[in-house]
Each structure stands twice: as structure tokens, then as C-alpha cells.
Amino acid sequence: VDPKVGLDGLPGALGADPPLAPTTDFLNELEKESRQLESATPTEILRWAVDRYAPKFTMATAFGPEGMTIIHMLAQIAPETPIFNLDTGYQFEETLQLRERVKERYGIEVEFKLPELSVEAFEKANGGPMYQTDPNRCCFERKLKVLHRAAQGWHAWASAIRRDQSPDRAKAPIVGWDKKFHLVKISPLANWTKKDVWSLITKEDIPYNPLHDRGYPSIGCQPCTRAVMAGEDERAGRWSGFQKTECGLHSS
Ligand code: SF4
């Protein structure tokens with residue numbers, strides 16, 4: 001596999017100008033930077049990312065609580081940072097409305113990135129809703145492909161993952177090379193807990209998805225998300241009934 005070409009032959013940051021190349025020296029440098037940022041606050045990490053990578057720095061958000069805190073921080077230090085959302089066509093209305101609330105509160109326009117086919121055309125082409133039969137492929141078609149296209153031309157992006165969310169995320173560095181999307185991935189909230197996130201949301205009155213107050217700790221597309229019961233894992237409501245816990249954006 002040519003490391004310079006991403007999925008579908010689309011170049012990622014390696015195809016950007018100037019190109020970023022994951023040479024051993026480059027990866028060692030990222031590792032060193034990451035170690036140094038372990039004790040930094042999320043805002044300090046974002047400041048570092050903006051200083052280092054803007055205007056080739058972006059953020060993808062699903063409007064989760066973590067993403068909302070990062071948007072809040074970016075609004076303070078670099079509101080010009082481009083932010084986008086993967087609009088699969090299956091999102092909750094409450095999630096879509098968050099885009100408007102972000103615009104009202106911060107003056108930031110989150111861009112919706114859409115798959116090539118509308119939901120209607122997609123379901124017609126595949127004989128019905130693919131999320132019912134093959135959610136992995138549905139996520140691939142409606143999210144991953146769109147994200148690979150959206151990642152083109154950027155050098156770095158912010159991710160809202162926390163290490164304590166899942167075993168898969170536990171080893172996430174603060175700064176690392178995103179092999180899947182070919183750019184530098186910065187996770188300013190890697191060391192934060194869910195409590196840290198919600199404390200900031202409450203303290204700063206940051207907009208958040210009202211579904212969180214109705215038993216949905218983790219929110220994805222409407223057909224693949226259910227409320228969780230007391231004692232269940234916070235991601236138990238995602239793809240319930242399928243052997244699937246991640247859409248594939250953050251897994252290695
Ligand atoms: Fe499809 Fe569900 Fe994945 Fe959304 S979360 S892209 S509806 S499988």
C-alpha cells in the first residue's frame with residue numbers, strides 16, 4: 001500500500017503542500033512533543049496545535065460533550081479554526097440543531113460534510129437501510145469515506161477522544177500520527193475524565209445535546225443509538241445488538 005495515498009486513492013496530509021511525511025524522525029518528534037504536552041491543559045494543547053499547524057489545522061465533531069468543550073476552547077483562542085461535522089443523513093434533529101446553537105453562541109459555522117448519495121438514493125441503491133444489515137459498511141460509506149475526503153489537504157486535526165472511554169482509546173497519545181487519515185491527530189482531552197468535561201460544560205454553560213439528559217450518554221446516528229440503563233457502559237447504546245462499538249474513526 002502506498003502510504004501517501006489514503007482510501008479510494010485520495011491523498012491525505014501527505015498530499016498537502018508542504019507535505020507532512022511520517023519519517024522516523026518526524027514520528028519521534030511527535031512522540032517527544034506528545035510527552036511534553038502530557039501535563040498541559042486542553043487549552044494549552046490546542047494553543048500549541050494552532051501555533052504549530054494553523055491554517056492547516058481543523059476539527060471534526062459529532063457534537064458530543066467532549067467536542068462541545070473543544071469548540072468552546074477554540075472559540076476563546078482561535079475561532080477561525082475550520083470545524084466540520086459528518087452529516088450522514090441519519091443524525092438526530094437535536095444534534096443538527098447544535099450547529100445553530102454553536103453559531104448563535106460563538107459565531108462559528110460548523111460545516112456539514114455530506115456523503116455523495118442522499119439517504120433516499122443510498123437506501124434505494126442498496127435495497128433498504130444498510131444500518132439494519134451491515135452497519136460496518138454503512139459507517140464506511142456514510143462516515144469514513146466522507147472523512148477521508150474531508151481530511152484531504154490538512155496537516156492536523158483535533159479529536160475529542162478521552163483515554164478512559166474504551167480500551168481502544170486508552171493508548172491515544174496527545175499528539176500522534178493518524179495512520180488511517182494521514183495527518184497529525186491531537187487529542188487535547190486525552191487525560192480528561194467524563195466528570196472534567198461535564199464540570200466545564202456546567203461552569204461555562206456550554207451548549208450540549210439535550211438527549212444527554214434523556215439517557216443518551218453517547219450519541220451517533222438516530223437508528224443506531226438507544227438510551228442506556230443505569231449501570232450500563234456509556235457506549236452500550238451504540239449499535240446495540242451488533243458486535244460493534246466504534247464507527248471506525250478512532251480505532252487503529
Ligand atoms: Fe449508518 Fe448507523 Fe453508522 Fe450512521 S451509525 S453511518 S446509520 S451504521
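The values are calculated or read from the model by the stated rules, or taken from the named source; none is laboratory data. From a predicted model like this one, the values you see are computed outputs, not experimental measurements. When we count neighbours, we look across all protein chains shown, and the Cβ atoms used for this are built from the backbone with ideal geometry, even at glycine.
Residues in region 173-196 that are surrounded by fewer than 20 Cβ atoms within 10 Å (Cβ to Cβ) and in a loop (DSSP other than H, G, I, E, B): Pro173, Lys179, Lys180, Asn191, Thr193. In summary, helices (runs of 4 or more DSSP H) completely within region 20-87 and bearing 1 or more residues that are charged (D, E, K, R) and closer than 30 Å to Cys221 by Cα occur at 65-77. Exactly one residue out of Phe92, Phe57 is among the aromatic types (Phe, Trp, Tyr) and crowded, with 21+ Cβ neighbours inside 10 Å, and it is Phe57. Is there a residue being within 16 Å of the ligand (Cβ to nearest atom), at positive phi and modelled with pLDDT under 95 anywhere in region 170-182? So far as region 170-182 goes, no, none of its residues is within 16 Å of the ligand (Cβ to nearest atom), at positive phi and modelled with pLDDT under 95.
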